1. Just to check I understand the Karplus step: with θ = phi - 60° and J = 6.51 cos²θ - 1.76 cosθ + 1.60, what whole-Hz values come out for the stretch 256-271, glycine and proline as x?
2. Once phi is turned into ³J(HN,Hα) by the Karplus curve 6.51 cos²θ - 1.76 cosθ + 1.60 with θ = phi - 60°, what whole-Hz value does each residue of the stretch 134-150 show in order, with x for glycine and proline?
3. To the nearest 20 debye, what charge dipole does the chain have about its Cα centre, counting +1 at the Cβ of each Lys and Arg and -1 at the Cβ of each Asp and Glu?
4. Once amide H atoms are built 1.01 Å from N in the peptide plane, which residues 5 or more positions from Val222, or in another chain, come under 5 Å H to H?
5. Counting other C-beta atoms within 10 Å, which of Cys178, Cys196 has the fewest, and how do the rest follow?
6. For the chain, what relative contact order do you get, as a whole percent, if you take Cα pairs closer than 8 Å and at least 6 residues apart?
7. Positive end of the dipole of the stretch 8-92, charges at C-beta (+1 Lys, Arg; -1 Asp, Glu), about the Cα centre: which of Ala70, Gly80, Phe90 has its Cα farthest in that direction?
8. Report, to the nearest 10°, how far helix 8-32 tilts away from the longest principal axis of the Cα atoms in the chain, using its own Cα long axis and a range of 0 to 90°.
Amino acid sequence: MEGAPASLGLRETIMKDMQGAVRLAIAYVGLSGGLLQAMAGLSRADAAAVASAAHADEGYVVRWCDAAYAFGLLDEQSGGFVLTELGRAFLPDAPGTLMPFAVQEVLTAHIAERAAGLMKTGERPGESVLAERATILPWFGPMLEAQFGPVFEKTIMPAVPVYERTAGRGGFVIDLGCGNGWYLMRLARAYPGLRCLGIDGFDENVRQGQARAEAAGVADRVRFAKGDIYGFESPEPADIIALNRALHHVWDEKDTVFRILHDHLKPGGAAVIWEPHWPADRAALREPGRRMVAFQNLTEHVQGNHFLRPSEIADAFRAAGLVPEVYDFLEGREAVVVGTRP
Ligand SMILES: C[S@@+](CC[C@H](N)C(=O)[O-])C[C@H]1O[C@@H](n2cnc3c(N)ncnc32)[C@H](O)[C@@H]1O
C-alpha cells in the first residue's frame, strides 16, 4: 500500500467500532445458546454449571465465558462468573433490552457476506437469505418486537384514531406479514373486543404467534395462519388490514396488493401501513437515527425489495380508490399511512 498509514485517531476509532461489533457478537452467542439466560438463573457459576444449565457443550462455554468476561458481559466473583449490568441488559426480558442490537449485528455480518458475493452478478435471492442462518431466524421476530413494540403501544396506537374507532364496534383486524404476532397481541390486549387474524409466509412466525395467543388465553379471538399476501382471501370483510414493515416485501406487485386491500375492507374500514420512511434527501441518511436504515436497504435489495417514501404509499392508496392520511413518528423516521375505503 502507498501513502501514509491511517492516523492514530482513525485507527483508534475503527478499533473501537470493531470491538463494539465483537462485543455484540459475543452477546449474540450468549443469547442464542441460552447462556445469558442460564446465568440469570444462577447466582454465581463456573463454566461447567453454565453449560449444564443451558444444555450446552462445556468446551464452547469455557471459551465463551472467557470472551464474555474480556468484553465486560461477565465478572468473576470468588472463582465463579456473574452477569454484569451490561450482560443483564442483553436479556430478552430486560426493560429496553439490548438484544436487538446483538441480533442485528450478526444479521448484518451475514447479509454483508451475501451482498459481497452477489455484487458482481446482481442476483437477488429473495427472502430465503434470512433463513440461511438457522440460529438467526427464531430471533428475527423478537428483535422486531423489542425494537417496535414499545413505540407502537406508547406512541402510534394512541395517535392513530382508527384503532379506537374499530375497537368501539368490536371489529375484525388482519395483519398481513405479521411476523411473530406482536402487533396483534398488543392490539388484542389494549382492546378486548377485537378479533384478529395474522398471516405470514414463514412457519416459524406463525408458530410463535399461535403459541403466544394460546399462552395469553386469547386464542379464541386471535389466530395466526400461514399464507401468502398475494393470494390472500379474507374470511370476512375487515375493519383494519395492517401491514407492518411488510409492504416493501410485496411492492413489486403493488396493484394486486392494493386491490386485495380495497376488496377485503368494509366500507369505512382502513388499511394501516407502517414502514420506515425512506428520506427524499440523501443527507438525512447520515443522521445517527437513520443510518441503519441505509444498510437495511441493502439487506432489502438482496431480498428483492427496497424501502418506500410515504408519498408513494399514499399514491398507491389513491390509485386503488382509498383515501390516504400520512402520520409521521420518531422525528419522521417512521411513517404510518392509513388508507380508508369510502
Ligand atoms: C420485516 S418482517 C415484519 C414482520 C412484522 N410485521 C413486524 O413488524 O415485526 C416482514 C414479514 O412479512 C412476511 N412476508 C413477506 N412477504 C410475504 C408474503 N408474500 N406473504 C406472507 N408473508 C410475507 C415475512 O415472512 C416477514 O415476517
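Please treat every number below as a calculation from the coordinates, not as lab data. Source: prediction; values computed, not measured. Note: ideal-geometry Cβ built from the backbone for every residue, glycine included; neighbour counts use all protein chains shown.
1. 4, 5, 6, 5, 4, 4, 4, 6, 9, 8, 5, x, x, x, 9, 8
2. For the stretch 134-150, the Karplus curve yields 4, 7, 7, 3, x, 8, 5, x, x, 4, 5, 4, 5, 6, 10, x, x Hz.
3. Values: 33 positive and 43 negative charges, 113 e Å.
Magnitude of the dipole: close to 540 debye.
4. Here Cys196 satisfy the definition.
5. Details: Cys178 30, Cys196 27.
The order, fewest Cβ neighbours first, is Cys196, Cys178.
6. Working: 519 pairs, mean separation 40.2, N = 342.
Value for the chain: 12 percent.
7. Most positive-ward Cα: Phe90.
8. Compared with the principal axis, the helix lies near 70 degrees.
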